[in-house]
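Q: A single structure is presented below for examination.
The values are calculated or read from the model by the stated rules, or taken from the named source; none is laboratory data. Keep in mind that this is a model prediction, so the values were computed, not measured. As a convention, Cβ positions derive from the backbone with ideal geometry for all residues, glycine included, and neighbour counts pool all protein chains shown. What goes into the accessible areas is simple: the full protein's heavy atoms, side chains included, and nothing from ligands, DNA or RNA. Shrake-Rupley method; radii C 1.70, N 1.55, O 1.52, S 1.80 Å.
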Amino acid sequence: GSAAVQLGKAAGATVIGVVGGKAKARAAEELGCDLVLDRTAEDLVARVKEFTGGRGADVVYDPVGGDAYAASAKCVAFEGRIVVVGFAGGTVPAPALNHALVKNYAILGLHWGLYAAKDPAAVLACHTELTRLADQGAIRPLVSERVPLAGAAEAVQRVADGTTTGRLVVVPSLPDGGAR
């Protein structure tokens, strides 16, 4: 999510961030979201429609699936696109294709790992562009915590539970027991 926000802003998009909780809302605001919605406390569909003057979102980035996808379909604009990146929520949605037809929106799957085998030149081009944006300061990975190797299992569990913001980086322990 933090990468999607930064890339959207770098591309000049108006970005609506959907988060789960106040701590994540603060991080989304700091990353530059034009509107931050807390899915645990707000009616996402109504707020997106209100913010966009009834149009809906032109592009929806969905790494969650399940109920988040269902809300995305209600929020997407006529001739918009829903980019499905994963199913972190644990449920793979079954999109209502009649709904996609009625609103003329596209459902696009993005399996980044497949590009290494199918289109390696695209990987290089993306790396080059991401490096350029990082050099300009337009993007910067959000690393919220560095965890010693001994804490890796617990860190992975926190990521799976959705209680983290940004990335956790596991680092080898130093001889004195600290993290690098």
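Q: Using log10 I(q)/I(0) by the Debye sum over Cα atoms at q = 0.09, 0.14, 0.18 Å⁻¹ as the read-out, say which of (1) -0.38, -0.91, -1.38; (2) -0.39, -0.83, -1.19; (3) -0.29, -0.70, -1.12 was calculated from these coordinates.
A: Structure-derived value, by its label: (1).
Q: Among Lys9/Lys103; Lys22/Lys118; Lys24/Lys103, which pairs are too far apart, with a Cα-Cα distance over 29 Å?
A: Working: Lys9/Lys103 26 Å; Lys22/Lys118 40 Å; Lys24/Lys103 31 Å.
Exceeds cut-off: Lys22/Lys118; Lys24/Lys103.
Q: On to the next question. Antiparallel versus total DSSP beta bridges in the range 34-180: what percent is that, nearest 5? Working shown, then result.
A: On the way: 1 of 15 bridges.
Here the share of antiparallel DSSP bridges comes out near 5 percent.
Q: Let me ask something additional. Out of residues 5 or more away from Val18 or on other chains, whose amide H comes under 5 Å of its own, with H placed 1.01 Å from N in the peptide plane?
A: Distant-sequence amide H within range of Val18: Leu37.
Q: So what is the relative contact order of the range 1-149, in percent, for Cα pairs below 8 Å that sit 6 or more residues apart? List each step's numbers first, then the result.
A: On the way: 201 pairs, mean separation 27.1, N = 149.
Over the range 1-149, the number comes to 18 percent.
Q: Using DSSP to call loops (not H, G, I, E or B), can you name the trypsin sites (Lys or Arg not before Pro) in the range 1-98 whose Cβ has at most 11 other Cβ atoms within 10 angstrom?
A: Details: sites: Lys9, Lys22, Lys24, Arg26, Arg39, Arg47, Lys49, Arg55, Lys74, Arg81; in loops: Arg39, Arg55.
In loop regions of the range 1-98 (DSSP not H, G, I, E or B), there are no sparsely surrounded trypsin sites (Lys or Arg not before Pro).
Q: Express the accessible area of the chain per residue in Å², computed with a 1.4 Å probe while the remaining protein chains stay in the model. Please list the in-between numbers first.
A: On the way: 11320 Å² over 180 residues.
So the chain comes to 63 Å² accessible per residue, rounded to a whole number.
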